[in-house]
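**Student:** Take this structure first; my questions come after.
The values are calculated or read from the model by the stated rules, or taken from the named source; none is laboratory data. These figures come from a predicted structure and were not determined experimentally. Heads up, the Cβs are rebuilt from the backbone with ideal geometry, glycines too, and the neighbour counts pull from every protein chain shown.
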Amino acid sequence: TALPDSHPLVTGATTVSPLVRALRGDRPERLPVWFMRQAGRSLPEYRALRVSTKMLDACLDPELSSEITLQPVRRHGVDAGIFFSDIVVPIKLAGVAVEIVPGRGPVLESPIRTADDVARLEPLDPAALAPIAEGVARTVAELGETPLIGFAGAPFTLAAYLVEGGPSKDHVRARAMMHSDPETWNALLTWAADVTGAFLRAQVLAGASAGQLFDSWVGSLSLRDYTERVAPFSARALSHVDDLGVPRIHFGVGSGELLRAMLDVGADAVGVDWRIPLDEASRRLGGSTPVQGNIDPALLQAPWPVLEAHVREVVERGKAAPAHVLNLGHGVSPDTDPTVLTRIVELAHSL
Ligand code: CP3
């Protein structure tokens, strides 16, 4: 491996952590659990820190990004941190004018729609990733034996924002470009794969013990479009960490028909949303892949006995897979009562 000697997977600090063991296909004594979007507005301590700082400015401030990453680890006792940043951070660092509008999501000053728009995109200067590497290094130093997960947006989900210019329902413009101008589509996804791959690589080199590729909006694609026009670029994004040997998780929403294809781009574990039970997901994956998921985030609002029964069922069904990392089927919503998340961690660790 090309990891530095100080990396926690080289020193051994995180090598036998429940998360890393599970992602490598093992069943540790303690079921590992973390939550997508565990950092963020569900935590009062996050809201207090963020009051005067814009989202993307917070992501580029190593002291803030590190502190925000650590908050849910301290509070909930989860088995991993996930680096506080955003999928559009590397795009911004590559020079695209993008902002995160509260309550909406990433919005571009000018959408990328034509061959000329794509030709004007600049590659990402690796030096621009310094605040990310520093934020990760600070976080890992504090986390000790708890692994940090690095992440990146997959090329399709990034393209869904780039082409639409902001959040959209079915990503129609992006899906239209894929078919009406395949050359421009390929150029755009190649650029996105390299920018997002460099972002993931920087986090891993700085100390992340695993990586997750988020293809949140992949559920709007047919299996054929995914396989032919998207998967090669997701594989290209992940190839940026091929030589580092860290476990890689691949997650999408509404991805039931795509699970096997998402595994085949080079993932070690697959994140499953709430629509498919984990035993069925494991079957679709071929039965030898660790799964992550898939508590229905809606049930975080349900009375505890209802949620508890659901979590127990998720854990039972997860036993069909060789290994399981407990998580939600998508992110924590801002109105979630954080004490509920702590309770899920306690339950998972008691099973
Ligand atoms: O705890 C964590 O999960 C770590 C950090 C993280 C954020 N975004 C922080 C964030 C991660 C891994 C992401 C990834 C991300 N960003 C994805 C993929 C995961 C997913 O949720 O499907 C996507 C699609 C985005 C794009 C994005 N960024 C959206 C849709 C939003 C929400 C906008 C809103 O206000 O509702 C953001 C902003 C964002 N990213 C916030 C956080 C904590 C909210 C910012 C705030 O505090 O206002």
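**Student:** Being touching an Asp or Glu at 6+ places or on another chain (Cβ under 9 Å), aromatic (Phe, Trp, Tyr) and touching a residue at least 60 places away in the same chain (Cβ under 8 Å): is that true of Phe251 here?
**Tutor:** Yes.
**Student:** Report the residue count in the range 299-351 for those that are closer than 26 Å to Pro247 by Cα and either modelled with pLDDT under 95 or within 16 Å of the ligand (Cβ to nearest atom) (or both).
**Tutor:** Of the residues in that region, 13 qualify.
**Student:** Output the residue which, of all residues in the range 150-195 that are surrounded by 24 or more Cβ atoms within 10 Å (Cβ to Cβ) and outside any helix (DSSP H, G or I), is nearest to the ligand (Cβ to nearest atom).
**Tutor:** Checked the range 150-195; the qualifying residue nearest to the ligand (Cβ to nearest atom) is Gly153.
**Student:** Here are the criteria: (1) within 16 Å of the ligand (Cβ to nearest atom); (2) within 30 Å of Thr339 (Cα to Cα); (3) not in a helix (DSSP H, G or I). Tell me which single one Glu145 does not satisfy.
**Tutor:** So the condition that Glu145 fails would be (1).
**Student:** What are the residues in the range 331-346 that are surrounded by fewer than 20 Cβ atoms within 10 Å (Cβ to Cβ) and under 11 Å from Ile295 (Cβ atoms), if any?
**Tutor:** Passing the criteria: only Val340.
**Student:** Sticking with this one: Mind listing just one residue for me: the one in the range 315-329 that is charged (D, E, K, R) and part of a helix (DSSP H, G or I) and, of those, surrounded by the most Cβ atoms within 10 Å (Cβ to Cβ)?
**Tutor:** Looking at residues that are charged (D, E, K, R) and part of a helix (DSSP H, G or I), I get Arg317.
**Student:** Continuing with the same structure: Can you tell me which residues in the range 81-94 are assigned to a loop (DSSP other than H, G, I, E, B) and closer than 15 Å to Gly165 by Cα?
**Tutor:** Ile87, Val88, listed by residue number.
**Student:** Further question: State whether the residues of the range 272-288 include one that is free of Cβ contacts under 8 Å to residues at least 60 places away in the same chain, part of a strand (DSSP E or B), in contact with a strand residue (DSSP E or B) (Cβ under 8 Å, 6 or more places away or on another chain) and closer than 26 Å to Asp26 by Cβ.
**Tutor:** The answer is no, given that none of the residues of the range 272-288 is free of Cβ contacts under 8 Å to residues at least 60 places away in the same chain, part of a strand (DSSP E or B), in contact with a strand residue (DSSP E or B) (Cβ under 8 Å, 6 or more places away or on another chain) and closer than 26 Å to Asp26 by Cβ.
**Student:** Anything in the range 28-69 that is more than 11 Å from the ligand (Cβ to nearest atom), in a loop (DSSP other than H, G, I, E, B), surrounded by 15 or more Cβ atoms within 10 Å (Cβ to Cβ) and among the charged types (D, E, K, R)? List them, or say none.
**Tutor:** Listed by number, the residues that qualify are Arg30, Asp61.
**Student:** Follow-up. Regarding Ala208, is this residue within 17 Å of Ser85 (Cβ to Cβ), assigned to a loop (DSSP other than H, G, I, E, B), within 16 Å of the ligand (Cβ to nearest atom) and in contact with a helix residue (DSSP H, G or I) (Cβ under 7 Å, 6 or more places away or on another chain)?
**Tutor:** So Ala208 fits the description; yes.
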